[in-house]
Amino acid sequence: MDLLATTSTVAVSCYAMLSTVYKSVQALYALPTDGSSLSHELAHTDAGPPSVDIIVPCFNEDPKTLSACLESIARQDYAGQLRVYVIDDGSANRDVVGPVHSAYADDPRFSFILLRQNVGKRKAQIAAIRRSSGELVLNVDSDTTIAADVVTKLALKMQNPEIGAAMGQLAASNRSDTWLTRLIDMEYWLACNEERAAQARFGAVMCCCGPCAMYRRSALVLLLDQYETQLFRGKPSDFGEDRHLTILMLKAGFRTEYVPDAIAATVVPDRLGPYLRQQLRWARSTFRDTLLALRLLPGLDRYLTLDVIGQNLGPLLLALSSLTALAQVAVTATVPWWTGLTITSMTLIRCGVAAFRARQIRFIGFSLHTPINIFLLLPVKAYALCTLSNSDWLSRKIANSPTGVEEQVVVQNPNARPKAAGGSEIGGEVRPTDCSRGSLSVAGTDNACGRE
């Protein structure tokens, strides 16, 4: 049984070498630079603030959570024109969220779009995007609150016409609830301030996260049909919309950026079951869009190739070393000391560096994430790889509209009557329009019909 010990030792040694190189380079590129300062950009522009449309899709959202989200949007300190489109994706709890909508009935910036049937987050977003007309579009999840200066800071970053999308820094709004939410909050910090920050050095953030991401409308319009009609193995792909849209932006030649001081706090799972289902969905999305991203790598900095290798080959080596180590214990009753010591030392070093960079001792506790990763997340990723064609959201049921079915869209708020992209006013009840391919119908809009 020396083969098991040898395989585990070789695999964990390769993992340690790859992880050391990858994380060291990542930490170097994640360091802030003077050139990334927003005040520096502001000092070199005479352009007025662009108009911004905020899109908030929601489905069966808790009224308190939705209220907190909309309140944070209403408090935005932004000098330019701001419009908000809250699109209810066929929720079954409209009787309890109705008072939340009514609270903003007198705010001319807010419009509420009610879909009669649940069509999925992506189509709900698109319905609102095609009704709006702002120069910039900010997608905000309904369980997310944003700091009062988020729109301003993201809009400042978007002044560079080469940038197609930019995301803010994410935190867990319910961080103090359980041990799991504390871990997820640290996981978000690392994902933003290590992974995204390093990618942003080369203008190629690989996923502008859905809870708070801003897009340039001129770029978004070019990609909207591709975004709407994403297929995987001939089947519609409805989740992973943020990663897919980011990849499309990069594919079209736009830069994607990260703004660390644009803070957004989102509700995260507080129990293992929902967390693992979320991770399964995200893993499928990552694997699907990594295949698309591979075609982009030759035109990007070589670091991005290392990033893709580190994120995909690293977990594979860790899984192999862990499996063979466990098999060694079970078959030979011997302890794989080298494997255990290597994984432990790598964990402590990473957590120590994170604690130093964040100036927070709590990151030492992130070492608990390693056994969760090995015994839960790696099996979830393996299952995701074997079930890539499964498009179930897992956390909710989506009743996609069958072909030929008409949808009616209602926009509430008589005080909010901005011009849509096609020139029609929005307000009151919108008559259903026949869509031969069946999806969302918006009167006065040429591209209202879904194509999936």
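The values are calculated or read from the model by the stated rules, or taken from the named source; none is laboratory data. No experiment lies behind these values; they were computed from the predicted model shown. Virtual Cβ from ideal backbone geometry, glycine too; neighbours counted across all protein chains shown. We work out accessible area using only protein heavy atoms, side chains counted, and drop any ligands, DNA or RNA first. Shrake-Rupley method; radii C 1.70, N 1.55, O 1.52, S 1.80 Å.
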Original post:
Does the range 176-191 contain at least one residue that is crowded, with 19+ Cβ neighbours inside 10 Å, over 23 Å from Leu368 (Cβ atoms) and modelled with pLDDT of 95 or more?
Top reply: no
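Is at least one residue of the range 258-266 assigned to a helix (DSSP H, G or I) and over 27 Å from Glu61 (Cβ atoms)?
No, the range 258-266 has no match at all.
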Original post:
Among (1) assigned to a helix (DSSP H, G or I); (2) modelled with pLDDT under 95; (3) over 24 Å from Val137 (Cβ atoms), where does Glu41 come up short?
Top reply: (3)
Original post:
Looking only at residues in the range 289-310 that are in a helix (DSSP H, G or I) and exposed (fewer than 15 other Cβ atoms within 10 Å of the Cβ), which one is modelled with the lowest pLDDT?
Top reply: Leu291
**OP:** All but one of (1) hydroxyl-bearing (Ser, Thr, Tyr); (2) within 27 Å of Ser367 (Cα to Cα); (3) part of a helix (DSSP H, G or I) hold for Ser176, so report the exception by its number.
**Re:** (3)
Original post:
Which ones in the range 194-209 are surrounded by fewer than 19 Cβ atoms within 10 Å (Cβ to Cβ) and touching a Lys or Arg at 6+ places or on another chain (Cβ under 8 Å)?
Top reply: Gly203
Original post:
Considering the range 11-33 alone, what residues qualify as being more than 14 Å from Ile309 (Cβ to Cβ) and surrounded by 15 or more Cβ atoms within 10 Å (Cβ to Cβ)?
Top reply: Ala11, Val12, Ser13, Ala16, Ala27, Tyr29, Ala30
Subject >> Condition check for Asp77: among the acidic types (Asp, Glu) and surrounded by 24 or more Cβ atoms within 10 Å (Cβ to Cβ) >> reply: no
Original post:
Within the range 93-108, is there a residue that is open to solvent by 20 Å² or more (accessible area, probe 1.4 Å), within 20 Å of the chain's Cα centre (by Cα) and of a type in the set (Gly, Ala, Ser)?
Top reply: no
Original post:
Taking the range 308-361, which residues are among the aromatic types (Phe, Trp, Tyr) and in contact (Cβ under 8 Å) with a residue 40 or more places away in the chain?
Top reply: Trp338
Original post:
Within the range 316-352, how many residues are surrounded by 16 or more Cβ atoms within 10 Å (Cβ to Cβ) and more than 14 Å from Ser8 (Cα to Cα)?
Top reply: 4
Original post:
When both residues are 6+ apart or on different chains and their Cβ atoms are under 6 Å apart, which pairs have a first residue that lies in the range 93-106 and is in a helix (DSSP H, G or I), and a second that is among the hydroxyl-bearing types (Ser, Thr, Tyr)?
Top reply: Val100/Ser67
Original post:
Of the residues in the range 211-263, how many are touching a residue at least 24 places away in the same chain (Cβ under 8 Å) and on the phi > 0 side of the Ramachandran plot?
Top reply: 2
